[in-house]
Protein chains: 2
Amino acid sequence: MTITPLSHLHVVECATFVAGPSCGLALAQMGADVVRVDLPGGGSDHLRWPLARSGASLYWSNLNKGKRSVALDYRTPEGHELLVDLATRPGPGAGILVDNLVGRHRVTHEDLLARRADAISVHVLGFPDGRPAVDYTVNAAVGVPGMTGSATSSEPVNHVLPAWDLLTGSTAALGLLAAVGRRDQTGEGSRVEVALADVALSGVGALGWLAEAEQQGDRPQHGNHVYGSFGTSFATADDHRLMVVALTPGQWRALCAVTSTAPVFAALEDALSTDLHHESARYELRETIASILRPWFAARTLEELRGPLDEARVLWSPYRSMREAAADARADQRSVARDVDQPGVGPMLATGNPLRWDGPAPVGDAVASPELGDDTEEVLAESLGLTTHEIGDLLDREVVALAPARRATSRTTTDTRESA
Amino acid sequence: MTITPLSHLHVVECATFVAGPSCGLALAQMGADVVRVDLPGGGSDHLRWPLARSGASLYWSNLNKGKRSVALDYRTPEGHELLVDLATRPGPGAGILVDNLVGRHRVTHEDLLARRADAISVHVLGFPDGRPAVDYTVNAAVGVPGMTGSATSSEPVNHVLPAWDLLTGSTAALGLLAAVGRRDQTGEGSRVEVALADVALSGVGALGWLAEAEQQGDRPQHGNHVYGSFGTSFATADDHRLMVVALTPGQWRALCAVTSTAPVFAALEDALSTDLHHESARYELRETIASILRPWFAARTLEELRGPLDEARVLWSPYRSMREAAADARADQRSVARDVDQPGVGPMLATGNPLRWDGPAPVGDAVASPELGDDTEEVLAESLGLTTHEIGDLLDREVVALAPARRATSRTTTDTRESA
């Protein structure tokens, strides 16, 4: 059974790149009707890498799964009005806009209020004062690359995962649901803003890193070690890499037991007057511990290690390539990943909602993304009550557009216009 | 004005490390009453690094801001009952548990249902089948470290940011609010599970990386370059590092203009029959572009660069240390970071909610964390209606505990017991 707790919500999303679209994705994966509005021809993220062999964007196709697509030129006055109309359509679950628009085409909260007093807008931006920022610049500014990478390096290391983007999207969705709850309770709308730079600052703050830097100074780069405990990477005899972690006393005992090093570490504790059952002691002696354990891992292949590590309940994982991760996800019947038939791409391994509801099945199965303009006619008719004639007129004047596959089957007079 | 859209919610959190506590933190920062339940003496994360000079955990103190703390030994049958009682207390906004408990002390959804048919439980776990996992092992398994770090390296590079933990916490909060909305609409409770491994798989899936790996093969490590566009790090004359990004044609033109390299790139486009206004072309020629731009940055100091880059509207940031990030946050009146007086620590730079509501002020100001057991008496009296005598009895038998500072002022008979 698929549970769709947000099926009463109608959200209009007019946002590019990762943060805004991942907000809409999280909502769509819990059953919300999310209408993504793009310029005809697509926004600046429509052809972002990675690309499929067909040339279609795997990035766009995966960030917009389960949404509906309206192609609409909101740079024209008429298109701008239509966007505001869509975002303020009547109904208790409607009147909600997520956007990251900037400049003169922006739909402001006041634009929405003029049509609907209880409108909810969630505006995603770079800095809270409106200056642009992206994950890469925000991460550099907030000090994380300077803590990442080898202890022998003096260069900052960017993470490739757009972590702040994804977290901003999730935070935006959280704000949106809180605003919906507030409206349900009080009747009031909300103007919510969420800036990448705030999310990053709040994120490192929540981990205690700002306070640490002020009180203890900057934490140096420390390679693949887990900070404040024991965990690091080891090479196997067949040149695989493993991440092995011992956060708790039980995990540490398991690691000592499987490697038969308990007597070594007991003698070391005596010699150095320390107690390695404390994770802080393990962190301080991380290089020593790693050096003692390294030959054991280096003498065994990954397949030789797998059984003993699992049986001893060591907390570990092989480092897998993305291709291996994809293959394993495909082989796992209970995985959140599955093949979908993506228009313009073909079969594509896609993921659903990570929340599992009332049992082992994922709440929202992986589904395909729309093609640009797939739902233009349907949404304009259903949300705004436009007639076939009115939609045909908007198509004529290129205020709105249809997906290529829709042009042939359009209920409007598109056919005659295209042959004119 | 501080807006607290979740002030009608009463959440019991019994969770350690980052994911569960950051779920409760997000809710507390929007006004929810979050009661964190810990073992007397603290859970396994109570003394996690980083530490303050006083020895208190800056990690714990920052992940539990604005919550209330109950110290309760849920390993005893009586303590377990009290935890279930707290999580199922009556009221439309109560009956909500967030936990990451494992093993025989776990509070199951069925435990809650026995007391409250519409209970909501949000259970955070490693793998969806219950096997343990942490951010470091999940990240290794999902292929990200193999894409991170220098193009000349063959070693995987762990990110230091526990990105999947933070995203799991935010996703858990999102599931919780969706479940509350569902209960408000239908009267039904929900059992929600969120596994770190699912969040990571769903995260790389949303970016199109699983589909990419299957269709294009594994993406190699590519250093600090932005994938699929142009962006990389440059060194300045005074040995600072900058992250400079040109995602859009406008950002690319700005970068060419300020560095006076437009004619160089125009000639290069002719020579190589390419068009660098396409971001994919910029990515393919990233090393060439970086080599042409590098001497311009290397000839100037950070302070010499700042004005021209900003005036030209280049998208860039200096790489800052965490200490510099903290100092800048402290200097910014509108920042989400501010000093709080943290018990056991003293003044501490802490962050509030990144969501800004109805204006420029952050919605939830930074506040201090409780000390362990600060609210034990108050919560037991208020939520469960226990009398002073009953609480005193629980204290006597060490089923519950108070914070040290509370022992002197306790309304119970603690004083006489302690002198007995």
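Does A:ALA94 qualify as being out of contact with any Ser or Thr (no Cβ under 7 Å at 6 or more places or on another chain), modelled with pLDDT of 95 or more and surrounded by 24 or more Cβ atoms within 10 Å (Cβ to Cβ)? So A:ALA94 fails the test. Tallying residues that are part of a strand (DSSP E or B) and more than 7 Å from chain B (Cβ to nearest Cβ) within the range A:319-350 yields 7. Checked against the criteria, B:GLY175 counts as part of a helix (DSSP H, G or I), touching a residue at least 40 places away in the same chain (Cβ under 8 Å) and at the interface with chain A (Cβ under 7 Å from one of its Cβ atoms). Looking at the range A:218-230, is at least one residue closer than 30 Å to B:HIS8 by Cβ, surrounded by fewer than 24 Cβ atoms within 10 Å (Cβ to Cβ) and more than 7 Å from chain B (Cβ to nearest Cβ)? No, that holds for no residue. Among the conditions (1) touching a His at 6+ places or on another chain (Cβ under 9 Å); (2) part of a loop (DSSP other than H, G, I, E, B); (3) not hydroxyl-bearing (Ser, Thr, Tyr), the only one that A:ASP129 does not satisfy is (1).
Selection within the range A:47-62: residues that are in contact (Cβ under 8 Å) with a residue 12 or more places away in the chain and among the aromatic types (Phe, Trp, Tyr). The member of this set that is farthest from A:VAL34 (Cα to Cα) is A:TYR59. Inspect all residues belonging to the range B:63-73 and state whether any of them is without any contact (Cβ under 8 Å) to a residue 40 or more places away in the chain and β-branched (Val, Ile, Thr). Among the residues of the range B:63-73, not one is without any contact (Cβ under 8 Å) to a residue 40 or more places away in the chain and β-branched (Val, Ile, Thr), which makes the answer no.
Annotation: of all residues in the range B:155-188 being charged (D, E, K, R) and closer than 22 Å to B:TYR136 by Cα, the one that is farthest from the chain's Cα centre (by Cα) is B:GLU155. Residues that are among the small types (Gly, Ala, Ser), in a loop (DSSP other than H, G, I, E, B) and either in contact with a Gly (Cβ under 9 Å, 6 or more places away or on another chain) or at the interface with another protein chain (Cβ under 7 Å from one of its Cβ atoms) (or both) occur at least once in the range B:199-212. On inspection, B:ASP365 qualifies as of a type in the set (Asp, Glu), in a loop (DSSP other than H, G, I, E, B) and either surrounded by fewer than 20 Cβ atoms within 10 Å (Cβ to Cβ) or modelled with pLDDT of 95 or more (or both). Taking the criterion of being in a loop (DSSP other than H, G, I, E, B) and β-branched (Val, Ile, Thr), the residues of the range A:217-242 that qualify are A:VAL226, A:THR236. For the range A:108-117, the count of residues that are surrounded by 22 or more Cβ atoms within 10 Å (Cβ to Cβ) and in a loop (DSSP other than H, G, I, E, B) is zero. Checking each residue in the range A:122-138 for being at the interface with chain B (Cβ under 8 Å from one of its Cβ atoms) and touching a helix residue (DSSP H, G or I) at 6+ places or on another chain (Cβ under 8 Å) picks out A:PRO128, A:ALA133, A:VAL134, A:VAL138.
Of all residues in the range B:198-219, which are under 23 Å from B:PRO132 (Cβ atoms), in contact with a Pro (Cβ under 7 Å, 6 or more places away or on another chain) and without any contact (Cβ under 8 Å) to a residue 12 or more places away in the chain?
B:SER202
Does at least one position in the range B:301-314 carry a residue that is at the interface with another protein chain (Cβ under 8 Å from one of its Cβ atoms) and of a type in the set (Gly, Ala, Ser)? No - not one qualifying residue is present in the range B:301-314. Checking the stated criteria, B:GLU371 turns out to be more than 14 Å from every other protein chain (Cβ to nearest Cβ), surrounded by fewer than 22 Cβ atoms within 10 Å (Cβ to Cβ) and touching a strand residue (DSSP E or B) at 6+ places or on another chain (Cβ under 8 Å). Check whether at least one residue in the range B:238-248 is touching an Asp or Glu at 6+ places or on another chain (Cβ under 8 Å), over 25 Å from A:THR16 (Cβ atoms), at the interface with chain A (Cβ under 9 Å from one of its Cβ atoms) and buried (at least 20 other Cβ atoms within 10 Å of the Cβ), and report yes or no. Scanning the range B:238-248 turns up at least one residue that is touching an Asp or Glu at 6+ places or on another chain (Cβ under 8 Å), over 25 Å from A:THR16 (Cβ atoms), at the interface with chain A (Cβ under 9 Å from one of its Cβ atoms) and buried (at least 20 other Cβ atoms within 10 Å of the Cβ). Name the residue that is nearest to the other protein chains (Cβ to nearest Cβ), counting only residues in the range B:30-47 that are among the aliphatic types (A, V, I, L, M) and surrounded by fewer than 22 Cβ atoms within 10 Å (Cβ to Cβ). Out of the qualifying residues, it is B:LEU47.
Entry remark, the range A:181-198: residues being assigned to a helix (DSSP H, G or I) and more than 7 Å from chain B (Cβ to nearest Cβ) number 4 in total.
Look at (1) under 28 Å from A:SER202 (Cα atoms); (2) surrounded by fewer than 24 Cβ atoms within 10 Å (Cβ to Cβ); (3) in contact (Cβ under 8 Å) with a residue 24 or more places away in the chain; (4) facing another protein chain (nearest Cβ under 7 Å) and you find that B:PHE234 fails only one, number (4). When the range A:48-98 is filtered for residues that are more than 10 Å from chain B (Cβ to nearest Cβ), of a type outside the set (Ser, Thr, Tyr) and part of a strand (DSSP E or B), the ones remaining, listed by number, are A:ARG68, A:VAL70, A:ALA71, A:LEU72, A:ILE96, A:LEU97, A:VAL98. Once the range B:282-312 is narrowed to residues that are assigned to a helix (DSSP H, G or I) and of a type in the set (Lys, Arg), the residue that is farthest from A:ALA141 (Cα to Cα) is B:ARG282.
The values are calculated or read from the model by the stated rules, or taken from the named source; none is laboratory data. Keep in mind the model is a prediction, meaning the values are calculated, not measured. Here the Cβ is made from the backbone with ideal geometry for all residues, glycine too, and neighbour counts use every protein chain on show.
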